[in-house]
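Asks: Quick one: the structure is below, questions incoming.
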Amino acid sequence: MADEIDLELVRSGAKDLSRTDLRNADLTGRDLSGADFSGAKLDRIRAKDANLSGANLSSASIVGADFCNADLSGVVFPAGDGSRET
């Protein structure tokens, strides 16, 4: 379950969201462009229609996340052999 303090960081527009616990959070429609989610727990987040352009998701756990219609341009995703940019 998402940590309430970490959710408040998202609400405040913080860009350093590294190592946050946002599991099961609803991030629908949020502007998260350029945010650093490295090492974050993002399992089962709902990020429909969110702007994640340029976000760093390296080393993040994103199992079961919903990015339907989200802007994922330039996102750095976790990969088994190192991060890759899309």
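Asks: Just checking, does the stretch 59-66 include any residue being open to solvent by less than 50 Å² (accessible area, probe 1.4 Å) and in contact with a Pro (Cβ under 6 Å, 6 or more places away or on another chain)? Steps first, please.
Replies: Taking the stretch 59-66 first, the residues open to solvent by less than 50 Å² (accessible area, probe 1.4 Å) are 60-62, 65-66.
Now restrict to residues that are in contact with a Pro (Cβ under 6 Å, 6 or more places away or on another chain): 60.
Yes - at least one qualifying residue is present in the stretch 59-66.
Asks: If the requirement is being surrounded by 15 or more Cβ atoms within 10 Å (Cβ to Cβ) and touching a residue at least 12 places away in the same chain (Cβ under 8 Å), which of these qualifies: N51, N69, N24?
Replies: Details: N69 fails: surrounded by 15 or more Cβ atoms within 10 Å (Cβ to Cβ); N24 fails: surrounded by 15 or more Cβ atoms within 10 Å (Cβ to Cβ).
Only one candidate passes the filter, namely N51.
Asks: Going through the stretch 37-48 one residue at a time, which ones are assigned to a loop (DSSP other than H, G, I, E, B), of a type outside the set (A, V, I, L, M) and either over 15 Å from D6 (Cβ atoms) or open to solvent by less than 50 Å² (accessible area, probe 1.4 Å) (or both)?
Replies: Taking the stretch 37-48 and keeping what is assigned to a loop (DSSP other than H, G, I, E, B), we get 37-40, 42-45, 47-48.
Filter once more, so that each one left must be of a type outside the set (A, V, I, L, M): 37-39, 43-44, 48.
Once the filter is applied, which keeps residues that are assigned to a loop (DSSP other than H, G, I, E, B), of a type outside the set (A, V, I, L, M) and either over 15 Å from D6 (Cβ atoms) or open to solvent by less than 50 Å² (accessible area, probe 1.4 Å) (or both), the stretch 37-48 yields F37, S38, G39, D43, K48.
Asks: Considering only the stretch 6-19, I want to know if a residue exists there that is crowded, with 16+ Cβ neighbours inside 10 Å and assigned to a strand (DSSP E or B). Break it down into steps so the answer makes sense when it comes.
Replies: Keep residues of the stretch 6-19 that are crowded, with 16+ Cβ neighbours inside 10 Å, which gives 6-7, 9-10, 17.
Now drop any that are not assigned to a strand (DSSP E or B), which leaves none.
Checking the stretch 6-19: not a single residue is crowded, with 16+ Cβ neighbours inside 10 Å and assigned to a strand (DSSP E or B).
The values are calculated or read from the model by the stated rules, or taken from the named source; none is laboratory data. Because the structure is predicted, anything quoted here is derived from the model rather than measured. So basically every Cβ, Gly included, is an ideal-geometry build from the backbone, and we count neighbours across all protein chains shown. Ligands, DNA and RNA are excluded from the accessible area calculation, which covers all protein heavy atoms including side chains. Shrake-Rupley method; radii C 1.70, N 1.55, O 1.52, S 1.80 Å.
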